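Undergrad: One structure, as structure tokens, below. Some questions next.
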Amino acid sequence: MTEWFEQWFGEEYHALYPHRDDEDARRAVALIRSVVTWGAGDRILDLACGPGRHAAELERLGGQVIGFDLSRAMLRRARERARAGLVRGDMRALPFRDGSFTLAVNLFTSFGYFLDDGEHRLVVRQVVAALAPGGHFVLDYLNAEQVRRTLERSDQDSSLRSARVTRRIEGGGRFVIKEIELRDEGRRFEERVRLYDTDELTALLSDAGLRVAARFGDYDGGPAGPDAPRVILVGARS
């Protein structure tokens, strides 16, 4: 059976989210750079790299970036803006040798897409195995507490361009579901993301052998907390 993320991350996604721009990527990478150092030529894995916004910025700061994504449409766009080596595949089956990377990043909630938590644990374990000793993994995620509270206070409907977007929480509070209806085309898509709390994300990294060295709540380095828009964790491999 085709999974939702195999269908959604195409050209329609870019049309719906044009505001995800290079400035946003620069802020995210600058934050990473403030706590993680890498030298010219150090290998960096951009896991679920999307259209290459972050890969291009990581390259600009000297990294030798490998972008990894399942979406052909995303990888085509990434090829236009970054020199990164690009690999198409499923993050549950990473094709990299152990100890390959100084840094791995997974940015803008490009995680939590599976129904089975065991598959999320598998992804993190494989990322950690691909890190060299002393390497780092940066996970940038939505703030589940803030998402739940925001949905409770809203009518859960919004319009953007020619689309109708509806959000709801299901699975006993474990998933946020976003339904996207492209009204001009008569097509529907669905996003489903696991609502991992900060403590659950921390445990995912810790159980895989990472020490959480830093936590942030936004791309400007603000503190983590219930009102922060993001949960950004920096894990260090011993």
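Coordinate-derived values only; no laboratory data. Computed from a predicted model, the values in this text were never measured in an experiment. Don't worry about glycine lacking a Cβ; one is built from the backbone with ideal geometry, like all the others, and counts go over all protein chains shown.
Undergrad: How far is it, in nm, from the label point at A30 to the one at E190 when both lie 7 Å from their Cα along the line to the Cβ?
TA: About 4.0 nm separates the two model spin labels.
Undergrad: What does the extension gain come out to for L61 and A73, with contour length at 0.36 nm per residue minus their alpha carbon separation?
TA: Contour length minus the Cα-Cα distance gives 1.8 nm.
Undergrad: By counting other Cβ atoms within 10 Å of each Cβ, how are H120, H136 ranked from fewest to most?
TA: If I rank by nearby Cβ atoms, fewest first, I get H120, H136.
Undergrad: Could you run the Karplus curve 6.51 cos²θ - 1.76 cosθ + 1.60 with θ = phi - 60° over the range 49-62 and give me ³J(HN,Hα) per residue in whole Hz, x for Gly and Pro?
TA: Computed from phi, the couplings for the range 49-62 are 6, x, x, x, 4, 6, 4, 4, 6, 4, 5, 4, 9, x Hz.
Undergrad: What list of ³J(HN,Hα) couplings, whole Hz, do you get for the range 73-81 from phi and the Karplus terms 6.51, -1.76, 1.60, once you set θ to phi - 60° and write x for glycine and proline?
TA: 4, 5, 5, 4, 5, 4, 5, 6, 10
Undergrad: If you rank S238, S71, S34 by fewest surrounding Cβ atoms within 10 Å, what's the result?
TA: S238, S34, S71
Undergrad: Summing Lys, Arg as +1 and Asp, Glu as -1, what charge do residues with Cβ under 10 Å from the Cβ of H54 carry, H54 excluded?
TA: Combined, the nearby Lys, Arg, Asp and Glu give -4.
Undergrad: Once fully extended, how much extra length lies between D220 and L115, figured as 0.36 nm per residue of separation less the alpha-carbon to alpha-carbon distance?
TA: 34.7 nm
Undergrad: Each residue of the range 223-232 in order: what ³J(HN,Hα) in whole Hz does its phi give by Karplus 6.51 cos²θ - 1.76 cosθ + 1.60, θ = phi - 60°, with x for Gly and Pro?
TA: For the range 223-232, the Karplus-derived couplings read x, 6, x, x, 9, 6, x, 10, 10, 10 Hz, x marking Gly and Pro.
Undergrad: What does the charge count near L139 come to, summing +1 for each Lys or Arg and -1 for each Asp or Glu among other residues with Cβ under 11 Å from its Cβ?
TA: +1
Undergrad: Moving to a separate point now. What is the set of long-range amide H partners of V65 at a cut-off below 5 Å, with H atoms built 1.01 Å from backbone N?
TA: I44, G85
Undergrad: Further question on the same structure: Given the Cα-Cα distance of S238 and E181 and 0.36 nm per residue of separation, how much length would full extension add, in nm?
TA: 15.9 nm
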